[in-house]
1. Which residues, taken from the range 120-133, are on the phi < 0 side of the Ramachandran plot and open to solvent by 10 Å² or more (accessible area, probe 1.4 Å)?
2. Looking at (1) at pLDDT 95 or above; (2) open to solvent by 20 Å² or more (accessible area, probe 1.4 Å), find the lone condition where V117 falls short.
3. For D171, indicate whether it is more than 25 Å from E229 (Cα to Cα) and acidic (D, E).
4. When you scan the range 153-186, how many residues do you find that are surrounded by 14 or more Cβ atoms within 10 Å (Cβ to Cβ) and under 19 Å from C134 (Cα atoms)?
5. Go through the range 188-234 and count every residue that is open to solvent by less than 60 Å² (accessible area, probe 1.4 Å) and either under 16 Å from C142 (Cβ atoms) or in contact (Cβ under 8 Å) with a residue 60 or more places away in the chain (or both).
6. Of the residues D99, D80, D138, which single one is without any contact (Cβ under 8 Å) to a residue 60 or more places away in the chain and either in a helix (DSSP H, G or I) or open to solvent by less than 10 Å² (accessible area, probe 1.4 Å) (or both)?
7. Any chance you could count how many residues in the range 1-52 are within 16 Å of I65 (Cβ to Cβ), assigned to a loop (DSSP other than H, G, I, E, B) and of a type in the set (D, E)?
8. Which of the residues that make up the range 12-43 are open to solvent by less than 30 Å² (accessible area, probe 1.4 Å), in contact (Cβ under 8 Å) with a residue 60 or more places away in the chain and more than 22 Å from R248 (Cβ to Cβ)?
Amino acid sequence: MAYRGMTTELIKIAGDKGEQITAYTARPAGPGPFPGVVLVHYLPGWSEWYIEATRRVAHHGYLAICHNLYERSGEGDPDDVAAKVRAEGGVPDAQVVGDTEGAVKWMRAQNGHNGKVGLFGSCSGGRHAFLYACQKRDVDACVELWGGRVVMPKEDLNAKTPVAPIDLTKDLSCPLLGIFGNEDRAPSPEQVDQHEAELKKHGKSHEFYRYDGAGHGIFYYHRPMYRAEQAVDGWGKVFAFFSKHLAR
């Protein structure tokens, strides 16, 4: 069902270590109860694309929240803030998990929520969504879109990224949807193979889809990497997956 009416709002939530961070929320019109989706943004930042994706999720009948993982890096143009974050080597995985836990807790406290929460993330956000679903047990479904650095060599590990997410696969706590482009290099098709093999090894519920003629960032209509046909099909798979696992 499409919800033409919705309410959007900027709010503050308690993020990692209780620090206040900003989040954008979208609520479908009507009494619900609605499932919830937490959107974990990518390294380009808390951007217009993710704000629009939050409204798109609400349009399909979900309470939606997208929290600003880069709040502590300053205000201003998202591209400038993201450039600063990139120059600093990203944000710590533990901080992202803490911030995302705050968004999940906010979701579960909402009136009109049906008790189910899904995660949605792309690029670094896809990696972080998968990481969260392996470290926490409070989400019911996870969508990972072309998550880079799920597979990491030991030499890339550091204080901010101390563990490769793939090494936590045995702890994945919910079904996983993965969407990838076969021309991508981060993750490469070989890394996606490794990712899926580990899921199969541990008997984890998952659906992986791979598109020919597409690389990284299939859904990003504002970038040359956009692939309209694959994006339409991929969004359909996202909402079918959420409908399957978040309906009550």
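1. S124, H128
2. Status for V117: all satisfied but (2).
3. So D171 fits the description; yes.
4. 16
5. Within the range 188-234, residues that are open to solvent by less than 60 Å² (accessible area, probe 1.4 Å) and either under 16 Å from C142 (Cβ atoms) or in contact (Cβ under 8 Å) with a residue 60 or more places away in the chain (or both) number 15.
6. On the way: D99 fails: without any contact (Cβ under 8 Å) to a residue 60 or more places away in the chain; D138 fails: either in a helix (DSSP H, G or I) or open to solvent by less than 10 Å² (accessible area, probe 1.4 Å) (or both).
After applying the criteria, what remains is D80.
7. Final tally of qualifying residues: 0.
8. Hits for the range 12-43 are I13, G15, D16, I21, A23, V40, H41, Y42.
The values are calculated or read from the model by the stated rules, or taken from the named source; none is laboratory data. All values derive from a computational prediction rather than experimental measurement. Every residue, glycine among them, receives a Cβ derived from its backbone with ideal geometry; neighbour counts consider all protein chains shown. Side chains included, ligands, DNA and RNA excluded: accessible areas come from the protein's heavy atoms. Shrake-Rupley method; radii C 1.70, N 1.55, O 1.52, S 1.80 Å.
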